[in-house]
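The structure appears below as structure tokens.
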Amino acid sequence: MTPDALKAACLELNGAVETFPFNAETSVFKVGGKIFALSALDAEPLRVSLKCEPELALRLRAAYPAITGGWHLNKRHWNTVLLDASVPDRLVREMIEDSYDLVAAGLPRAERLTLDRPGAPRDRPEPQL
């Protein structure tokens with residue numbers, strides 16, 4: 001996955017915005033003011049940190065050496081994915097959507113309703129290992 005493809009995958013989600021609260025190099029993607037993805041898009045190698053259900057996070061880490069506990073984040077709830085082509089792009093996209101959905105689910109109901117979209121967790125299976 002390229003930096004442009006990663007950025008596009010994050011920003012195509014309803015209400016998603018890119019911010020730079022930490023520094024000019026780290027793109028922080030948010031929904032409703034809450035972070036669902038972080039990446040230094042110009043870094044080599046390219047990585048992205050994504051929120052994840054704890055049990056699924058462990059399974060993904062066991063299946064893919066390129067997926068590790070979130071760097072400088074709560075490792076129980078966050079994974080960092082090395083985008084070196086060892087993790088299929090389809091799975092990375094599913095992980096981005098799942099991270100977004102987890103964060104959006106914690107937003108106030110009125111705000112969630114403005115984001116309602118097809119493919120929400122109740123309509124989509126979890127990422128396949």
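The values are calculated or read from the model by the stated rules, or taken from the named source; none is laboratory data. Everything numeric here is computed off the predicted structure, so don't read it as measured data. Heads up, the Cβs are rebuilt from the backbone with ideal geometry, glycines too, and the neighbour counts pull from every protein chain shown.
Some notes on this structure:
- Filtered residue count, the stretch 72-129, keeping only those that are of a type in the set (Lys, Arg), under 15 Å from the mean Cα position of the chain (by Cα) and modelled with pLDDT under 90: 2
- The residues in the stretch 67-88 that are under 11 Å from MET1 (Cβ atoms) and among the β-branched types (Val, Ile, Thr) can be counted, and the count is 2.
- Selection count, the stretch 36-77, where residues are touching a residue at least 24 places away in the same chain (Cβ under 8 Å), in a helix (DSSP H, G or I) and crowded, with 18+ Cβ neighbours inside 10 Å: 1
- Given (1) in contact with a Phe, Trp or Tyr (Cβ under 7 Å, 6 or more places away or on another chain); (2) in a loop (DSSP other than H, G, I, E, B); (3) not basic (Lys, Arg), number of the condition ASP84 does not satisfy: (1)
- Restricting attention to the stretch 78-99 and to residues that are surrounded by fewer than 16 Cβ atoms within 10 Å (Cβ to Cβ) and in contact with a Pro (Cβ under 8 Å, 6 or more places away or on another chain), the residue that is farthest from LYS30 (Cα to Cα) turns out to be SER86.
- Here the condition is being touching a residue at least 60 places away in the same chain (Cβ under 8 Å) and within 15 Å of ASP101 (Cα to Cα); of GLY33, GLY15, it holds for GLY15 alone.
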